[in-house]
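The values are calculated or read from the model by the stated rules, or taken from the named source; none is laboratory data. Just so we're clear, the structure is a prediction, and the values are computed from it rather than from any experiment. Here the Cβ positions follow ideal geometry from the backbone for every residue, glycine too, while neighbour counts run over all protein chains shown.
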Amino acid sequence: MPQTVQCPQCQTAVDVRKATGSGRADCPYCGHSFIVPGLGHAGGDSADTGAAGSSSSTVGDDDDDWLNLGDLPPVPPVNPSFTGDSGGATDPLSDFPAASDTWDEDGAPPSKAVEDLASSMDERPAGTDSDGNEIQYQTNYRVRCPTCGTQNDVTAKQAGKQIRCRDCFTMVRVPKPPRVPRKAKIDMTEAPAFQFAPMKEAADRPDDPFRKSATEYLEAASRTEKTEPKPDLDVPRIRDWAAAVFGIFTQIGVIAHWLILSALASVVAFIALALDAEILVVGLFAAGVFFAAIVLACGFTIMQSVANDEETVEQWPVTLEPMEWIAPSLFCFAAAGLAYGPGWFVGYMTFGTSLTTVCMAMISTFLILPFVLLSMLDMQSVFMPFSPDVGRSVTRCEEAWGGFYFSSGIVFFFTFLIFVFASLLPAPITAVVSIFVGVAATFIYFAMLGRLAHSIGQSVNAEARENTIAEERQRERDNQSKGS
């Protein structure tokens, strides 16, 4: 009956018969000779049964024997021996020479070797490493489940115990905690130092003009470069500032209205003060109110023209139509009253009736009047002293607001100085000078208000700017790299 045996070298199934099973078989695929397990005891019976087996087995008798191997020559049986006899016969098919076994039955090496090994090792206390430091073990580590491979977190106190895997619930024994990795300590005093030495071959070679040495790079990095400040292009020039403030008087219409209104009012005031009649002096107050309303109406016209960015002022108010100059007067007087009130109230409660109170009221008017007046005009009502657009412009147009207060402060300061010097002259001349200077200052002030209103309108109606901060920074880096 055939028996299937697996070749130990090529792992191929080989069919062998008892007739040829003297203890060894040859693999028909790789040619390796191997011992057939379980057939070593049949060596004595092979001679008696060999003939019968050979005569009874013929080619084609067994359907499973597809290889149809012939009978092998008898091979003397080889019995394994563990007696340690080196003089025995060696295996002719073995690739290695026979070696004697020097171990005893218990498997322990000779005592002399143990003594030599112990003498070669340094004695140190238990629980210390080669440096004499105490061995430290990890308190928290991971254990891999042998079933599913999941990493489970354990502590050193759980060493030797069994835990349940969190995924497959298999009981896993916790091994001893591993040692803490030692950190390498380098003594810089004993560490070897290296220094680059110039090559003898490159000593006669000319220097590469496009190659810098490490010393040159270090010198360039340590050198402090003196960067010149960039020119501030936003610094205004006096000529441009004067043209922006007094440029309104380059128009013929503005000059004509200024001269005509100032001349008419100056003639009336000069005659009334020269005659020194009480009735005429009282009449000057009523005429002054009418004259102030007309001047304010002209100032409003200038402000609207500048705010609309018109080249010239064309739509002047008609004196014979009261509605054209009463409405601007109402806005101006209402805004002036609201701006004058806070300063006067604080000064009166603090200093009482004095020149300090008047000064604080004038300062309050100077600071609050532009905001309140523009808000009323934006809301189209004298009862709305605040406008959201004007309020937002304080942070959006801070440069325009700052320029307005600076320019108007200078204009008011010089106007006040002219009034002070004119007060030293006779009354008729003082009135004439004050009228001309006052009308000019009013026109200039409203022109500056128009430029401020134009800036506010541009900021409110402008579309959202694109964020180009990254492009600007990259452009600056490119310029710096080109400059260096």
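Looking only at residues in segment 379-390 that are within 21 Å of residue 340 (Cβ to Cβ) and free of Cβ contacts under 8 Å to residues at least 40 places away in the same chain, which one is surrounded by the fewest Cβ atoms within 10 Å (Cβ to Cβ)? Top of the filtered list is 383. In this structure, does residue 317 turn out to be in the same structural domain as residue 375 (by TED's automatic domain parsing), surrounded by 16 or more Cβ atoms within 10 Å (Cβ to Cβ) and outside any helix (DSSP H, G or I)? Against the criterion (in the same structural domain as residue 375 (by TED's automatic domain parsing), surrounded by 16 or more Cβ atoms within 10 Å (Cβ to Cβ) and outside any helix (DSSP H, G or I)), residue 317 qualifies. Are there any pairs with C-beta distances below 8 angstrom linking a residue in segment 132-155 that is on the phi > 0 side of the Ramachandran plot and exposed (fewer than 11 other Cβ atoms within 10 Å of the Cβ) to a residue that is modelled with pLDDT of 85 or more and not in a loop (DSSP other than H, G, I, E, B), with the two at least 6 apart or on different chains, and if so which? No pair meets every condition. Please identify the pairs in which a residue from segment 306-326 that is at pLDDT below 80 has its Cβ atom under 8 Å from the Cβ atom of a residue that is in a loop (DSSP other than H, G, I, E, B) and of a type outside the set (Val, Ile, Thr), counting only partners at least 6 apart or on another chain. Hits for this filter: 324/317; 325/317. Checking each residue of segment 351-367 against the condition of being free of Cβ contacts under 8 Å to residues at least 40 places away in the same chain, at positive phi and either touching a helix residue (DSSP H, G or I) at 6+ places or on another chain (Cβ under 6 Å) or not in a helix (DSSP H, G or I) (or both) gives at least one match.
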